[in-house]
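S.K.: This is the structure I want to talk about, given as C-alpha cells.
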Amino acid sequence: MANRDDLARIMRYPQTRKDLLQLDVEHAILRQAANFQHCDLSGADLHGVTLDGIDLDGSNLEEANLSSANLFGASCRDANLTGANLNEIQWSPFAMFERSNLRGATLNSVHMTFAQCDEADFSGADLSWGTFKYARMVNANFTDAQLKHTNFSHADLTGAKGMYIESGILESDCRIEGATLPDGTKVECTCS
C-alpha cells in the first residue's frame, strides 16, 4: 500500500503513469486539492481508493478499475473513462462528468444523484441498477447502453440519444418519474 510519503510525492510533483501504476493504492486516502488533471491513469487499479475532492478533469482513465472507490467532490470533466470499471462507486451529489467519454464502462449500482453529465458519452456502457436522480444529462449519448432498472427520476434527459421510449415508458424498467425526456416532454410525477 502507498504510504504517506508516496502519496505526498505524487501530489507535489508531476505524475508519470509509471510512478502511479507502481503504487499499491488500494484503500489509500487522497483528500482535497490533489490535482490529477490530464494524468494518464489508463489501466490503473484504484479499487476502494478514497479520492475526496480530486480533480481528474481531462485525465485518461481508460480501462481503470475504480470499483468501490469514494470520489466525494471529485471532478471528471472531459475525462476518458472508456471501458473503466466504476461499479458501486460512491460519488457525492453533483458529480461532474460533462463531456466525458464513458463508452463501454460499467457503472452498476452507482449513486450519482444530482450528477452533471451534459454531453457525456455512455454508449455501450452498463448503467444497470444505477441511480441518476435529479442528474443533468442534456445531450448525453446512451446508444446501446444497458439501462436495466436504472433510476432517472427527475433527471434532465433533454436531447439524449439512444433511449427508446414508447408510450412514455423508458426501456428496461427504468424509473423516470418527474424526468424531462429527450424530446423535452416532462413525465408527470405520480409520487405520493
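All of the numbers you see were taken from the coordinates with simple rules; none came from a lab. Predicted model only: the values in this text are computed from it and were never measured.
S.K.: May I ask you to derive the relative contact order of segment 47-192, considering only C-alpha pairs under 8 Å and at least 6 residues apart, and to give it as an integer percent?
M.R.: Working: 505 pairs, mean separation 20.1, N = 146.
Answer for segment 47-192 is 14 percent.
S.K.: Provide the per-residue ³J(HN,Hα) series for segment 79-86, in order, calculated from phi with Karplus coefficients 6.51, -1.76, 1.60 and θ = phi - 60°, each as a whole number of Hz, with x at glycine and proline positions.
M.R.: For segment 79-86, the Karplus curve yields 8, 9, 10, 4, x, 6, 9, 10 Hz.
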